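The values are calculated or read from the model by the stated rules, or taken from the named source; none is laboratory data. In this text, all values refer to a predicted model and were calculated from it rather than measured experimentally. Neighbour counts are summed over all protein chains in view; Cβ atoms, including those assigned to glycine, are modelled from backbone coordinates with ideal geometry. Protein only, heavy atoms only, side chains kept; ligands, DNA and RNA dropped before computing areas. Shrake-Rupley method; radii C 1.70, N 1.55, O 1.52, S 1.80 Å.
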Amino acid sequence: MRWIRIVAAGISLPALVAAGATGAEEKALGTRIVDQMNALYGAHPGVRANHATGAVFEGTFTPAQGADALSSAVFLKGPPTPLTIRFSNAGGVPDAPDTHSSVGGIRGMAIKFRLANGGENDIVCISANGFPVATGEDFLALLQAVGASGPDAPKPTPIDTFLSSHPAAAAFLAEPRPVAVSYGTQPFFGVNALKFTNAQGIYKFGRYRIVPESGAAYVSDDEAAKRPATALADNLRASIEKGPVKFRLQVQLAAADDPITDATRVWPDSRPTVEFGEIAITRALDTKKVENGLLFMPTNLTKGIDVSDDPILNTRTEAYGESYGRRTK
C-alpha cells in the first residue's frame, strides 16, 4: 500500500477543496470520480485521469474454431479482425515510470476491434484478477479516503478505516504485483462479467482472460528498479521487430452460483474457459499522436455480447467518457 501513502502525501489542500466543492453531490458519479482522481494526481490537460501513461499498437484477432458456439459476435467467425491496442500503467501521473509508486503495480490492456460491418467492440482489462470494490460509490469513497490520508491525518486514517470495513479492497491492495518483462508477458483479466449469447439465443455469463502465448514472465524488484522507465513498452516494441507478439483471448464461464454483479468476487480457476482466438500484436504506433483520440469503453459491445448487471460497468463508462471529454477539449 506504499502508493497510497505517497499519493496522499502529494495532495494539496486546494485540490481537495475543489474536489469536494459544494454541489459535487449533484454531479454524475463518473464525473465525481474523475474530479477526485484529478485531486489525487493533478489535473493534466490532454491526459487521461487514470491510466495516463500508455503505449499504442496495432494487431489482428483470429477466431478459434468453434468460438461462435458461445457468442454470435461477428469477430468470432471469418477472417482476422484489425485491432488497436493500448497498454497502460494505472494512475494519473503522465509519463509515470513502470515502477512509479502511483501505478500500484496495475497495468491495463484495452482493445478496440475494427469490425467488418463498420462497428466496434471494446475489451478493457487490467493485470489484476478482481477489483477492490463492488460499486462506483465505494470506488469514489476509496479515492476520497486516500485523499484524506495525508501525512498529518490522525490515526486511524480514513484509508485505514475504509480498508477495515472493506476486506476485499484491503486484500487487493496488499497483493504482490511483480513487474513483467514486457507488456507482452503480462496476463490481463476482465473486471466485469458480460453476457455472451449465441445464434440460438443461448446465453452464458463470463469474464475475459488474456494470456500471453509465450507464458507470463516477470523480473525481480531489484531488476525492475534498474530498468529504463518505459521498459514494459520498449521490450514489447523490441519483440515485435522479431515477429508478432501473441496472446490467447479466453472467456472464463461462471457457474450457476458464481456472483456476476460483484467485481471483487474472483471465480475459482476450476471454472471452464472458452478459447475465443488469438491476438497478434504486429506494429507499434506513434502513441503521442493517436492515443488521445482513442476511447475504449467496457460497454461498447457488438451483437452477441451484452453487459451484465454489474454496477461498476456503468460507472466505468461514465468516468471514461468524462475523462475523454476533458482531454479532447
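What the table below lists for this structure:
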{"quantity": "Output for region 155-206, where each listed residue is among the small types (Gly, Ala, Ser), over 22 Å from Ala141 (Cα atoms) and open to solvent by less than 50 Å² (accessible area, probe 1.4 Å)", "calculated": "Ala180, Ser182, Gly184, Gly190, Ala193, Gly201, Gly206"}
{"quantity": "Scope region 271-283; condition in contact with a Phe, Trp or Tyr (Cβ under 7 Å, 6 or more places away or on another chain) and open to solvent by less than 40 Å² (accessible area, probe 1.4 Å); matching residues", "calculated": "Gly277, Ile279, Ile281"}
{"quantity": "Residue that is nearest to Ser182 (Cα to Cα) [pool: residues in region 275-321 that are hydroxyl-bearing (Ser, Thr, Tyr) and in a helix (DSSP H, G or I)]", "calculated": "Thr287"}
{"quantity": "Matching strands (runs of 3 or more DSSP E) fully within region 180-248 where at least 3 residues are at pLDDT 95 or above and of a type in the set (Lys, Arg)", "calculated": "203-212"}
{"quantity": "Test: residue in region 260-267 that is crowded, with 18+ Cβ neighbours inside 10 Å, touching a Leu at 6+ places or on another chain (Cβ under 8 Å) and either of a type in the set (Lys, Arg) or at pLDDT 95 or above (or both)", "calculated": "no"}
{"quantity": "Extreme residue, farthest from Ala225 (Cα to Cα), among residues of region 113-131 that are at pLDDT 95 or above, of a type outside the set (Gly, Ala, Ser) and open to solvent by 10 Å² or more (accessible area, probe 1.4 Å)", "calculated": "Leu115"}
{"quantity": "Any pair with Cβ under 8 angstrom, 6 or more apart, that starts in region 50-62 at a residue that is farther than 13 Å from Leu232 by Cβ and ends at one that is basic (Lys, Arg)", "calculated": "Val56/Arg86; Glu58/Arg283; Gly59/Arg283"}
{"quantity": "All positions within region 284-307 that are over 30 Å from Pro45 (Cβ atoms) and either over 21 Å from the mean Cα position of the chain (by Cα) or open to solvent by 60 Å² or more (accessible area, probe 1.4 Å) (or both)", "calculated": "Lys303, Gly304, Asp306, Val307"}
{"quantity": "Close pairs from region 215-229: first under 21 Å from Phe188 (Cβ atoms) and open to solvent by less than 40 Å² (accessible area, probe 1.4 Å), partner at pLDDT 95 or above and among the basic types (Lys, Arg), Cβ under 8 Å, at least 6 apart", "calculated": "Val219/Arg227"}
